[in-house]
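Colleague: I'd like to ask you about the structure that follows.
Bear in mind that the values in this text are calculations on the coordinates, not laboratory data. No experiment lies behind these values; they were computed from the predicted model shown. A quick note on method: Cβ atoms are made from the backbone with ideal geometry, for glycine too, and the neighbour counts reach across all protein chains shown.
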Amino acid sequence: MDERTQKTLFTGDGADSWTDAAEARDKGRDLRDYIPHEAHTYFTVQTDRPTVRDYMEATNEGRDEHLLPIRIERMRQSPFAFFRGTAGLMAYDLSHEPVTGLHAQLCGDAHASNFGLFGGRLGSIVIDVNDFDETVRGPWEWDVKRLAASLILAGRQNDIDDRTCARAARHAARAYRRAVRRVSATPFLEAWRNFADESVISRTKADALADDYARALRKAARNTSERVADRWTARDDGQWTFTEDPPIRTRISPEDETDVVDALRRYTATLPPAKRPLSARYRAHDVVHRIVGTGSVGLRSYLVLLQGNGSEALVLQLKQAQRSLLAPYVPETAPTHNGQRIVEGIRIMQADSDSWLGWTNIGDRDYMVRQFRNHKADIDPARLTAKNLDDYGRLTGALLARAHCRTIDSRTLWAYLARGKHFDRAIAAHATSYAAQVETDYAEFLALVQDGELPVNNA
């Protein structure tokens, strides 16, 4: 086979096409000369930066107004909670900072609480990045910096001193680098199949988290559709329905319920063909609206109770999907359907994922569909001790790197990150200064609440 034929068997863009290993590493080393590690240190507030008021007003648009007080209440619990609801504000800030130009599929909101356990396609429980509402293709540095800043804020919420918080951020960056190095030396197929189970604790030297992980694993094992049905449903005269828990779980009109069930029927076309015969064996019994998350409060989210074999329950969630908050700052490469954007982001970043993922529409609104409470559990970073926060930084840094390396040439990225102690320190310094900005923004946010500029429930 001649050289031209060899190079054109498979074609793609960037990490999706064959590149000689030496060429890939040379590119990374050249990038390090152009954007040195120290360039990631500094955070500077732009003069035209949106105010907190502007940001909140813009992101409140299109949400159910009667639910906005719940969004505000959840965000005002702490600077870390506020940070979790302002991914778009940080995206604006990051868009003005130096980047290498290497793009990966991003989580888009890679804060420390967006990692956790869930059930994979064959029922195994894995740990990985697990929230993709903002996923887009963009600069890998953005996810790393958001993770590092979140570790500072989570640690401060638990009264951990700044030096220890900064160490957790620094070790997250170091774990990210080391994971990239491992992937860069691994055969492509082996790296692609790799997913994270409980062995990741020892591989990332996060042994202090062993007990936290074991508790989360026990919770994940119990967190199933059957348990949701046991706790949140009732049977009466042959009718199987959700119970209400206002304002979190509420009934909807018969017309809206019909629209949701119709949308669920259309969703089955987005499942893998092998999954469609299984989906046809379930019958919809009931639908409720349920509030979820922090940044998602006010968007529409429905739970559908499905019956399978006998008393078997399957609970699916239809969650409204809006344009990514990062979209204004990256090239438009995602599908125009935002449910599809999220699902494709999940499928490509997670080595193992929920087999019920898909998308649909209700009117002019996009939705993603997934299994609800699919063995989900997490380790709350805001409740960790100082030692455990450090280990959690290493764990999440490594998990983020594994996810990024599915859509970026790890050899180029590793060549850029090699001998990267200055990179680790730069990320920690950036995280510390950005956490200070978040606390300033949070104070402005509280003042808006106090002055009645943002809706709150004073009952």
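Colleague: Residue farthest toward the positive end of the dipole of the range 136-243, with Cβ of Lys/Arg at +1 and Asp/Glu at -1: which of SER150, TRP140, VAL200?
Modeller: Of the options given, the answer is TRP140.
Colleague: When Rg is the radius of gyration of the Cα atoms in the chain and Rh is its Kirkwood radius, what does Rg/Rh come to?
Modeller: 0.97
Colleague: Counting other C-beta atoms within 10 Å, and keeping those with at most 13, which DSSP coil trypsin sites (Lys or Arg not before Pro) do you find in the range 191-245?
Modeller: Numbers: sites: ARG193, ARG203, LYS205, ARG215, ARG218, LYS219, ARG222, ARG227, ARG231, ARG235; in loops: LYS205.
Taking the range 191-245 and a limit of 13 other Cβ atoms within 10 Å, no loop trypsin sites (Lys or Arg not before Pro) are found.
Colleague: I would also like to ask the following. Quick one: angle between helix 140-157 and the longest Cα principal axis of the chain, in degrees between 0 and 90, rounded to 10, please.
Modeller: Helix 140-157 sits at roughly 70 degrees to that axis.
Colleague: The range 18-49: which chymotrypsin sites (Phe, Trp or Tyr not before Pro) are DSSP loop and have at most 14 other beta-carbon atoms within 10 angstrom? Show your work: numbers first, answer last.
Modeller: On the way: sites: TRP18, TYR34, TYR42, PHE43; in loops: TRP18, TYR42, PHE43.
Of the chymotrypsin sites (Phe, Trp or Tyr not before Pro), the ones in loops of the range 18-49 whose Cβ has at most 14 other Cβ atoms within 10 Å are TRP18, TYR42.
Colleague: Still on this model: In terms of Cα to Cα distance under 23 Å, which lysines are near enough to LYS27, apart from those fewer than 8 places away along the same chain?
Modeller: LYS7, LYS145, LYS421
Colleague: Assuming a ≥ b ≥ c are the square roots of the Cα gyration tensor eigenvalues, decide whether the range 354-430 counts as rounded (a/c under 1.5), prolate (otherwise, with a/b larger than b/c) or oblate. If you can, show how the numbers build up before the last one.
Modeller: Details: a/c = 2.67, a/b = 1.54, b/c = 1.73.
Because a/c hits 1.5 or more and a/b fails to exceed b/c, the range 354-430 counts as oblate.
Colleague: Net charge within 13 Å of LEU67 by Cβ-Cβ distance, Lys/Arg positive one each and Asp/Glu negative one each, not counting LEU67 itself?
Modeller: Taking every Cβ under 13 Å from that of LEU67, the sum is +3.
Colleague: As a footprinting exposure proxy, order THR294, THR204 by other Cβ within 10 Å, with the fewest listed first.
Modeller: Numbers: THR294 18, THR204 23.
Ordered from fewest to most neighbouring Cβ atoms within 10 Å, THR294, THR204 come out as THR294, THR204.
Colleague: Can you give the net charge of the other residues whose Cβ lies under 13 Å from the Cβ of GLU332, counting K and R as +1 and D and E as -1? Could you put the intermediate results ahead of the total?
Modeller: Numbers: positive: ARG137, ARG323, ARG341; negative: none.
Local charge sum for GLU332: +3.
Colleague: How high is the relative contact order of the chain? Use alpha-carbon pairs under 8 Å, at least six apart in sequence, and give a whole percent. Don't skip to the end; give the middle numbers.
Modeller: Details: 820 pairs, mean separation 144.5, N = 459.
It comes to 31 percent, rounded to a whole number.
Colleague: Further question: Hey, what angle do you get for helix 162-184 against the long axis of the chain, alpha-carbon based, 0 to 90 degrees rounded to 10?
Modeller: On a 0 to 90 degree scale, this one is about 80.
Colleague: Report the convex hull volume per residue for the range 222-371, counting only C-alpha atoms, in Å³.
Modeller: Working: hull volume 20.2 nm³, N = 150.
Hull volume over Cα atoms, normalised by residue count, gives 135 Å³.
Colleague: How about the range 231-335: which GluC sites (Glu not before Pro) there are in a DSSP loop, with at most 15 other Cβ atoms within 10 Å of their Cβ? The partial results should precede the final answer.
Modeller: Details: sites: GLU244, GLU255, GLU257, GLU312, GLU332; in loops: GLU244, GLU312, GLU332.
Of the GluC sites (Glu not before Pro), the ones in loops of the range 231-335 whose Cβ has at most 15 other Cβ atoms within 10 Å are GLU244, GLU312, GLU332.
Colleague: Where a Cα-Cα gap under 19 Å defines reach, which aspartates and glutamates qualify for LYS219, not counting those fewer than 8 residues away within the same chain?
Modeller: ASP128, ASP131, ASP197, GLU198, ASP211, ASP230, ASP354, ASP378, ASP380
Colleague: Rounded to the nearest 500 deg cm²/dmol, what is the calculated helix-only ellipticity per residue at 222 nm for the chain, with -39500 (n - 2.57) per DSSP H run of length n ≥ 4?
Modeller: Working: 18 runs with 209 residues, N = 459.
That calculation yields -14000 deg cm²/dmol at 222 nm.
Colleague: Relative contact order of the range 351-459, please, whole-number percent, based on alpha carbon pairs below 8 angstrom and at least 6 residues apart.
Modeller: Numbers: 29 pairs, mean separation 11.9, N = 109.
Reported relative contact order: 11 percent.
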